[in-house]
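The values are calculated or read from the model by the stated rules, or taken from the named source; none is laboratory data. It should be emphasised that the depicted structure is a prediction, and the values quoted were computed from it without experimental measurement. As a convention, Cβ positions derive from the backbone with ideal geometry for all residues, glycine included, and neighbour counts pool all protein chains shown. Each accessible area value is taken on the protein alone, full model and side chains, heavy atoms only, with ligands, DNA and RNA left out. Shrake-Rupley method; radii C 1.70, N 1.55, O 1.52, S 1.80 Å.
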Amino acid sequence: MCKSYPNTRMRRNRSSKFIRNLIRETSFSADDLIYPIFILPGKNKEEPIDSMPGKKRYSVDKLVPILGKLHKKGLNAIALFPVVGETKKSQDAEEAFNPKGLVQTAVKIIKKEYPDLGIITDVALDPYTLSGHDGLVDKNGYVLNDQTVKVLTKQALSHAEAGADIVAPSDMMDGRILAIRNTLEKNKFHNTKILSYAAKYASNLYGPFRNAVDSSTNLKDSSKETYQMDFANISEASLEISLDINEGADMIIIKPGLPYLDIVSKIKNKFSIPIFSYHVSGEYSMIKSAALKNYIDEKSSVLEAMYCFKRAGCNGVLTYYTPEILEWLDKK
Ligand code: PBG
């Protein structure tokens, strides 16, 4: 039997709120959110981020009460990004694995205060290198793979020792997941999870982040295209992800967010591993700027974006909009 108009009227199931609720195919809640936060050394510091209107960088003492309030509203996990200052940057990025470094200290303090809050740390050297690159560079400025992996491994171990629940390598070096996994196992961190930025594209949407962590001045005109993926590629993402799964990743990130949902959807159908998407700084700033000019409605546009991530197959999303979303969900 051919089911067609008027037997089938697609608008019947859209005619009132309750039926729309009943047939909704994806759900979204506070549990799906990871809040990326920029942290500063020192005390009592709070600085606005010019490239990300409405967002700030905080010293850890200032951050703790903020996290307390958000945690009460359902904040489930955070991702920490340090801004260490020029004096802590070096050629060999040793500060990255300093047990008393900014990230390591922050993890200890936050974990003690809120043991149930998931803490994700970034494993990459860009906050610590003079070049602003995610790895160590040779005299020609080429990012060295195997030497970098050694440092990343020490960095990841120092995060695990501080109490990080999840270490998230965002550097795109080859073989780093295996090296980190072996080190974590050897040191009995059997439950420390690895969230691999398995498919991270050399995107133009990271600009505001580089300004927020102060790596843009160091990076100058240099690009990350010798390690991050070409945005024209999709098959390559499958290969990257299968390698990281084999090396021991527990979860993966596809980054950036909305313009890359085709990758999420493809990967979701191919691998049974949790997938997260990073709604990156440029995406935040685009929505924010349009909202500030009243060109779009901020709340409904952001919530729509979150459903799009879920519809594409993401288990969760890293988004700078987390505090605002928690507030909106609270009031619903
Ligand atoms: C670098 C890193 C970047 C982001 C997270 N980790 C920037 C880069 O690769 O240059 C970008 C996040 C964002 O734009 O919000 N390890």
- Among all residue pairs at least 6 apart or on different chains, which show Cβ distances below 8 Å where the first residue, located in segment 266-279, is within 27 Å of Phe209 (Cα to Cα) and the second is open to solvent by 70 Å² or more (accessible area, probe 1.4 Å)? Ile275/Lys268
- Search result, residues across segment 158-175 that are of a type outside the set (A, V, I, L, M), within 25 Å of Ala237 (Cβ to Cβ) and either away from the ligand (no atom under 12 Å from the Cβ) or open to solvent by 10 Å² or more (accessible area, probe 1.4 Å) (or both): Asp174, Gly175
- So which pairs qualify, if the first residue must be in segment 91-108 and at pLDDT 95 or above, the second must be assigned to a helix (DSSP H, G or I) and open to solvent by 60 Å² or more (accessible area, probe 1.4 Å), the Cβ gap must be under 7 Å, and the two must be at least 6 apart or on different chains? Glu95/Lys88; Phe97/Lys154; Pro99/Glu161
- May I ask you to verify whether Ile275 is farther than 20 Å from Leu326 by Cβ, within 13 Å of the ligand (Cβ to nearest atom) and within 18 Å of the chain's Cα centre (by Cα)? no
- Across segment 307-323, which residue is surrounded by the fewest Cβ atoms within 10 Å (Cβ to Cβ) among those that are within 16 Å of the ligand (Cβ to nearest atom) and assigned to a helix (DSSP H, G or I)? Pro323
- Task: Return the only residue of Ile23, Ile19 being without any contact (Cβ under 8 Å) to a residue 40 or more places away in the chain, open to solvent by less than 40 Å² (accessible area, probe 1.4 Å) and not aromatic (Phe, Trp, Tyr).
- Result: Ile19
- Matching residues, segment 26-39, being touching a residue at least 60 places away in the same chain (Cβ under 8 Å) and within 30 Å of Val107 (Cα to Cα): Phe28, Ser29, Ala30, Asp31, Asp32, Leu33, Ile34, Tyr35, Pro36, Phe38, Ile39
- Message: Condition first: among the hydrophobic types (A, V, I, L, M, F, W, C), touching a strand residue (DSSP E or B) at 6+ places or on another chain (Cβ under 8 Å), buried (at least 19 other Cβ atoms within 10 Å of the Cβ) and farther than 30 Å from Asn218 by Cα. Can you find one or more residues in segment 29-44 that meet it?
- Response: yes
- For segment 58-98, what are the residues that are within 16 Å of the ligand (Cβ to nearest atom) and open to solvent by less than 50 Å² (accessible area, probe 1.4 Å)? Ala77, Ile78, Ala79, Leu80, Phe81, Pro82, Val83, Val84, Lys89, Ala93, Glu95, Ala96
- Query: Give me the pairs: first residue in segment 290-315 and over 21 Å from Pro274 (Cα atoms) and among the hydroxyl-bearing types (Ser, Thr, Tyr), second residue open to solvent by less than 50 Å² (accessible area, probe 1.4 Å) and in a helix (DSSP H, G or I), beta-carbon distance under 7 Å, and six or more apart or on different chains, which are they?
  - Reply: Ser301/Ile287
- Query: Can you spot a residue in segment 200-219 that is free of Cβ contacts under 8 Å to residues at least 60 places away in the same chain and open to solvent by 50 Å² or more (accessible area, probe 1.4 Å)?
  - Reply: no
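One line per residue, one yes/no per condition, for (1) under 20 Å from the mean Cα position of the chain (by Cα); (2) within 16 Å of the ligand (Cβ to nearest atom):
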| site | (1), (2) |
| --- | --- |
| Met229 | yes, yes |
| Ala249 | yes, no |
| Pro259 | yes, yes |
| Ser265 | yes, no |
| Asn269 | no, no |
| Ser281 | yes, yes |
- Could you please give the count of residues in segment 99-130 that are open to solvent by 70 Å² or more (accessible area, probe 1.4 Å) and of a type in the set (Asp, Glu)? 2
- Assuming Phe276 fulfils every condition listed in (1) modelled with pLDDT under 95; (2) surrounded by 17 or more Cβ atoms within 10 Å (Cβ to Cβ) apart from one, which condition is it? (1)
